[in-house]
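Input: a single structure, listed below in structure tokens.
Where a number appears in this text, it was derived from the coordinates with a stated rule and is not lab data. Since the model is a prediction, treat every value here as computed from it, not as a measurement. Neighbour counts are summed over all protein chains in view; Cβ atoms, including those assigned to glycine, are modelled from backbone coordinates with ideal geometry.
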Amino acid sequence: MPGKQQPSGNCLDMKSERDGNGEGEVCLARRSHSGGNGAAKPTKALRLPSDEPPGKVNSRKAWYRCQLGRAFWTMGRVQEALEHFAKACELMPHEPLYRLELAEAYLALNRYEDAIEQLEQTVQWAPFDDYYYVRLAAAYLLVGRWTDAIQAMERAVKLNPRNASYHCLLGALYWVVGEKERAAFHLRFRWQLDQYDLSFLRRFQKLCGKALKLPQLH
């Protein structure tokens, strides 16, 4: 059995979603690992029914797989969490939430290209959700794909044009690549930033590590 690995806290704590079956709240903002409190144990409710034949869509079993993945994640057993998230994606291949979970596990294991592949599929199946484009942009920055990151943020801004933090983030990316005029257009929104926006930008900065250093925006 794989040894314990600490999750890297990749996910932006910015929104909650219901699962695709309406079976309860699924929080995307749960990626902080609470070390020192003891390992969480999967409950009996997470027992998985017998496997389905490959290729058969089964939303309930996919949901159980995802919950098992989250239980292993909280214990720091990222590889095992990844295996359950991958199985959830097999059972419901077009569910973007499960793809996001799988991408987060890949990121925690520094498997950036695998994570990007999952996130790119996610935005194909959820093209009107700005969050997924933001998460994809952060993954692109980890591997130095600045042009792709800018395009992803352009899409996020187009979907949510009133979000000042998105504009400022896009402006910062343009500034880094030397497109000062475009950067200035988006950075003018910095005067609209509130505390939530600033918190979002700090979390995004943390996701990118040394790949991006945001300027002082407020």
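In terms of the Cα gyration tensor, with a ≥ b ≥ c the square roots of its eigenvalues, is the stretch 89-181 rounded because a/c is under 1.5, prolate because a/b exceeds b/c, or oblate? Since a/c reaches 1.5 but b/c is at least a/b, the shape of the stretch 89-181 is classed as oblate.
Among the chymotrypsin sites (Phe, Trp or Tyr not before Pro) in the stretch 124-218, those located in a DSSP loop and surrounded by at most 14 other Cβ atoms within 10 Å of their own Cβ are Phe128. The shape of the stretch 86-129 comes out oblate: with a ≥ b ≥ c from the C-alpha gyration tensor, a/c is at least 1.5 while a/b does not beat b/c. Taking the Cα centre of the stretch 155-209 as origin and assigning +1 to Lys and Arg Cβ atoms and -1 to Asp and Glu Cβ atoms, the resulting dipole is close to 100 debye.
Where the centroid of each part is defined by its Cα atoms, how far is the stretch 180-212 from the stretch 115-165 in Å? Their Cα centres are 14 Å away from one another.
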